[in-house]
Amino acid sequence: MKRHEEISKLNETKEWDVIVIGGGASGLGTALDAASRGYKTILVEAVDFAKGTSSRSTKLVHGGVRYLEQGNISLVREALKERGLMAQNAGHLVKNQSFVIPNYNWWGGYFYTLGLTIYDMLAGKLSLGKSQYISKKETIELLPTIERKGLVSGVIYQDGQFDDSRLAINIAQTAVEKGACLLNYTKVVGLLKDSGNQVTGVQVKNQETGEFFELKGKAVINATGVFTNSIMKLNDTIYKKYIVPSQGIHLVFDKSFLPSDHALMIPKTSDGRVLFAVPWHDKIVVGTTDTLIKSHSLEPIALEKEIDFVLETAQRFLAKKPTRADVLSVFAGLRPLAAPEKEGKSTKEVSRSHKIIVSETGLITITGGKWTTYRKIAEDIIDKAITIHHLPKKDCKTENISIHGNIKTSTVDRKNHLYIYGTDIPKILELQNQQPELKEKLHPNYDYTLAEVVWAIRHEMARTIDDVLSRRVRLLFLDAHAAIAASEKVAELLAKELGYDDAWIKIQTKEFKTIANGFLLPEFRSN
């Protein structure tokens, strides 16, 4: 997947069947679905693939235990099916994760065991394992640092876990392999319309060169997540809110706070939400919150009240109490929730299921949804595009499409940090053998090497330090200080590979430091 090759495709196609705006989970899934059915497909993303919400999730592939509690059985059933398909199609990135719910009252164990047994039954043959009630002693064995005071028992259940932006990159690669054209740093600046006010394409700007292009297409799909409203403004002068952004934050700590392969799930926090502490890339990710916010940005910043809430909850349930000084990274993501019909709904009430909106202009917009169901959402969108825009009818193929890098989950060696590359691992090792200097580590405390940076630039369309250290190699999400320390090395490699000068390196490094500071608590930011 090389950007210059993708740009050269722009002039080869007079009219596309499907134009997708937005390179997050829903957009990438839609491009893969359309291309694999044989439609001429192009996707444009204003910044980098999965730059927004799609790289900032809790890293769970789940049926949604919370939706079960709300009685939303169909959403749970759909998500459980998709969870099974994700594990089958992207086994290098999706794995089985066991969760332990600690109970601090006598009835909790029975209540959650019953609920999770129903959860298992709904999963049917795609179940990842049986939920069971466990004693206090067993709970402590599985979660050595759990708060023991008042602990009565536990419940263990199985769900999925994955690396979100790595999956996004691999889906992008799969879409290109199926014939789609994908471009990052290509922003939609206008919608093209005919005399009947029907959308016939988009005007885009190559953010790197400033060049403008017009792309004609039969179906235009708006999959821009929290930026949905800004595309809607281009679409229509009479305008209402289609999505409300809700912020969720995560704090990342050293593994010593939960030295276990099991995740901790707190089903009822002080504000009635679910909180997870999940092992991920040898760290612990703790979250999340659900805060309605007024404005959206590309780099959302965690609010102090959110940081305090996650810290206080973690301190209440962990015997080793994390403090602000222990936070290695904090990341915030914005959920694009479908706007409620009535004002004043809380975020818990706003629908989590996806919604497809067809405008009078023929523009198709997707709101809501989540990573687990990205494939099904894409299928629904393309089915809708076939109906609305009279595309030749072709069946969806993605249930059985192997995602780039896929190997069987059971054969993945997750102790080797390169496991996220799946079938590409030998090619990265080959790079190191050809150029031994690429074996150098990005940071003394981490195993990531310069070879991975070169791979990201040559084969995964990374264009900036942020692309590399946030979404190809996940260092910024795991340890923001280490990412800042590694940034200059990465900038130098980018400049060498992409033909930039020293001035560019300086600007890039400065820009990245600004981004990385948002991943640190205010008192630990670097100048």
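The values are calculated or read from the model by the stated rules, or taken from the named source; none is laboratory data. These numbers come from a predicted model, not from an experiment. Every residue, glycine as well, gets a Cβ built from its backbone with ideal geometry; the counts of neighbours run over all protein chains shown. The accessibility values were calculated without ligands, DNA or RNA, using every heavy atom of the protein model including side chains. Shrake-Rupley method; radii C 1.70, N 1.55, O 1.52, S 1.80 Å.
So if I place +1 on the C-beta of Lys and Arg and -1 on the C-beta of Asp and Glu, and nothing else carries charge, what would the dipole magnitude of segment 453-506 be about its Cα centre? I want it in debye, nearest 20. Please list the in-between numbers first.
Numbers: 8 positive and 9 negative charges, 36 e Å.
Using only the charged Cβ atoms, the result is roughly 180 debye.
I'd like the Karplus ³J(HN,Hα) series for segment 38-55: coefficients 6.51, -1.76, 1.60, θ = phi - 60°, whole numbers in Hz, and an x wherever there's a Gly or Pro.
x, 7, 6, 10, 10, 10, 10, 10, 5, 10, 10, 3, 6, 4, x, 3, 6, 10
Long-range amide H contacts for ALA339: which residues qualify at under 5 Å (H placed 1.01 Å from N, peptide plane, sequence gap of 5 or more or a different chain)?
So ALA339 has HN proximity to ILE243, VAL244.
For a test of the definition: using alpha carbon positions, the gyration tensor, and the 1.5 limit on a/c, classify segment 102-169 as rounded, prolate or oblate.
oblate
Beyond 22 Å, how much of the Cα-Cα pair distribution for segment 272-416 remains, as a whole percent? Please list the in-between numbers first.
On the way: 6318 of 10440 pairs.
Considering segment 272-416, 61 percent of its Cα-Cα pairs are separated by more than 22 Å.
Just going by the charge dipole of the chain, with Lys and Arg at +1 and Asp and Glu at -1 on Cβ, which of TRP504, GLY23, ASN11 is farthest out on the positive end?
GLY23
Starting with the highest mean, order 437-444, 168-175 by the number of other Cβ atoms within 10 Å, averaged over the residues of each peptide.
Per-residue Cβ counts within 10 Å, averaged per peptide and sorted highest first, yield 168-175, 437-444.
Between LEU191 and residues 5 or more places away or on another chain, which pairs have amide H atoms under 5 Å apart, with H built 1.01 Å from N, and which residues are they?
GLN203
How long are the three semi-axes of the equivalent ellipsoid for the chain, computed from the Cα gyration tensor as the root of 5 times each eigenvalue, in whole Å, largest first?
36, 29, 22
Expected output is a single nm value to one decimal: the length gained when fully extending between GLU497 and ASP447, i.e. 0.36 nm times separation in residues minus the C-alpha distance. What is it?
15.8 nm
How much of the pair distance distribution for segment 1-61 lies past 17 Å, counting alpha-carbon pairs only, in percent?
Roughly 46 percent, once rounded to a whole number.
Using the basic label-point model (7 angstrom from Cα toward the beta carbon), what is the SER8 to LYS149 distance in nanometres?
Once both label points are built, they end up 6.7 nm from each other.
Express in whole angstrom the spacing between the alpha-carbon centres of segment 407-424 and segment 484-527.
First find each Cα centre; the distance between them is then 29 Å.
Taking the highest mean first, how do the peptides 509-519, 12-22 order by number of other beta carbon atoms within 10 angstrom per residue?
Details: 509-519: 18.2, 12-22: 21.4.
The densest-packed peptide leads the list: 12-22, 509-519.
Give me the distance between the Cα centres of segment 1-58 and segment 304-334, rounded to whole Å.
36 Å
Using +1 at the Cβ of each Lys and Arg and -1 at the Cβ of each Asp and Glu in the chain, identify which of ILE73, GLY129, VAL286 lies farthest towards the dipole's positive end.
Value: ILE73.
In deg cm²/dmol, rounded to 500, what helix-only [θ] at 222 nm does the chain give when every DSSP H run of at least 4 residues adds -39500 (n - 2.57) and the total is split over its residues?
Per the formula, -10000 deg cm²/dmol.
Between LYS125 and HIS390, what length comes free when the chain is fully extended (0.36 nm per residue of separation minus the Cα-Cα distance, one decimal in nm)?
Stretched fully, the LYS125-HIS390 segment lengthens by 91.7 nm.
Averaged over all directions, how much area does the convex hull of the C-alpha atoms of segment 416-461 cover when projected, in nm²?
Numbers: hull surface 12.8 nm².
The number I arrive at for segment 416-461 is 3.2 nm².
Between segment 109-130 and segment 200-245, what is the C-alpha centre distance in whole Å?
42 Å
Taking 0.36 nm per residue of separation and subtracting the Cα-Cα distance, what length does fully extending SER526 through THR509 add?
Working it through step by step, the gained length comes to 4.8 nm.
What number comes out for the charge environment of ILE146, summing +1 per Lys or Arg and -1 per Asp or Glu over other residues with Cβ under 12 Å away?
Combined, the nearby Lys, Arg, Asp and Glu give +3.
Provide the net charge surrounding ARG37, with neighbours chosen by a C-beta distance below 12 Å and charges set as Lys +1, Arg +1, Asp -1, Glu -1. The partial results should precede the final answer.
Numbers: positive: LYS40, LYS178, LYS393, LYS394, LYS397; negative: ASP17, ASP33, GLU379, ASP383, ASP395.
Residues close to ARG37 contribute a combined charge of 0.
How large, in percent, is the carbon and sulfur part of the accessible surface of the chain at a probe radius of 1.4 Å? Numbers along the way, then the final one.
Details: 11480 of 21440 Å².
Ligands and nucleic acids excluded, carbon and sulfur give 54 percent.
Using the Kirkwood formula on the Cα atoms of segment 1-128, what hydrodynamic radius do you get, in angstrom to one decimal?
Evaluated on segment 1-128, it is 17.8 Å.
Run through every distinct alpha carbon pair of segment 397-527 and return the Kirkwood hydrodynamic radius in angstroms, one decimal place.
For segment 397-527, the Kirkwood estimate is 15.8 Å.
Which whole-number percent is the relative contact order of the chain (Cα, under 8 Å, 6+ apart)? Let's see the in-between values first.
On the way: 1081 pairs, mean separation 101.1, N = 527.
About 19 percent, as a whole number.
Over the chain, with the other protein chains present, what is the accessible area per residue in square angstrom, probe 1.4 angstrom?
Dividing the accessible area of the chain by its residue count gives 41 Å².
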